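Asker: Please see the structure below; I have some questions.
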Amino acid sequence: MPRPFEPSDLDALHKINEACLPAVNSLSAAELRALIDDSFMTLVAELNGAPAGFVLCLDETASYDSRNFLWLQQSYPRFFYVDRIGIAPEARGRGLGEMLYAALLERLAPQANGTPLTCEVNERPPNPGSLRFHRRLGFAEVGRQDFGDKAVVYMARAITDATR
């Protein structure tokens, strides 16, 4: 079962984040820590007693200088935003991503009151696996942006206590 972030997780989560490029953007360990500190919730999945994946979720009150986050702030009065989910390469294909989302949804459900869970998925560079994954978990497209260097699909879903 995923658990809340602990400071001792930082080095492992930074390595996982960097192994997930270009699906997520590169961050220094200090930048990742600052983002975790500003997050509404960061959950960690373990495999064999070590961090093997994480999901970092912000809400609309975060002070995050991201063009995707800004789009969501302009589009929704309240929202939860999965800024990134990362799974270590050696742990992929074991259901950790779905487990992280299930734990996140379960923890958000009591306070959601209709607030959607949002994310964005890269369309350029293409990330078709992530689009399929998020659609399978009930996310639907709510917008798109083309930034020239990058294009994204914004997705949202209702918050319930299960991934289905």
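The values are calculated or read from the model by the stated rules, or taken from the named source; none is laboratory data. It should be emphasised that the depicted structure is a prediction, and the values quoted were computed from it without experimental measurement. Quick reminder, even Gly has a Cβ in these numbers, built from the backbone with ideal geometry, and neighbours come from all protein chains shown.
Asker: Which of the residues spanning the range 114-164 are assigned to a loop (DSSP other than H, G, I, E, B), more than 21 Å from residue 102 (Cα to Cα) and of a type outside the set (Phe, Trp, Tyr)?
Answerer: 125, 126, 127, 148, 149, 150
Asker: Sticking with this structure for a sec: Just need a number here: residues in the range 1-52 that are part of a strand (DSSP E or B) and either under 22 Å from residue 122 (Cα atoms) or not acidic (Asp, Glu) (or both).
Answerer: Of the residues in the range 1-52, 11 are part of a strand (DSSP E or B) and either under 22 Å from residue 122 (Cα atoms) or not acidic (Asp, Glu) (or both).
Asker: While we're here: Run residue 47 past the list (1) buried (at least 16 other Cβ atoms within 10 Å of the Cβ); (2) in contact (Cβ under 8 Å) with a residue 40 or more places away in the chain and report the number of the one that doesn't hold.
Answerer: Unmet condition: (1).
Asker: Before we move on, is residue 30 surrounded by fewer than 16 Cβ atoms within 10 Å (Cβ to Cβ), modelled with pLDDT of 95 or more and out of contact with any Lys or Arg (no Cβ under 8 Å at 6 or more places or on another chain)?
Answerer: So residue 30 fits the description; yes.
Asker: Pick from 136, 107, 84, 94: which is closer than 24 Å to residue 3 by Cα, without any contact (Cβ under 8 Å) to a residue 24 or more places away in the chain, out of contact with any Pro (no Cβ under 7 Å at 6 or more places or on another chain) and of a type in the set (Lys, Arg)?
Answerer: Exactly one residue qualifies, and that residue is 136.
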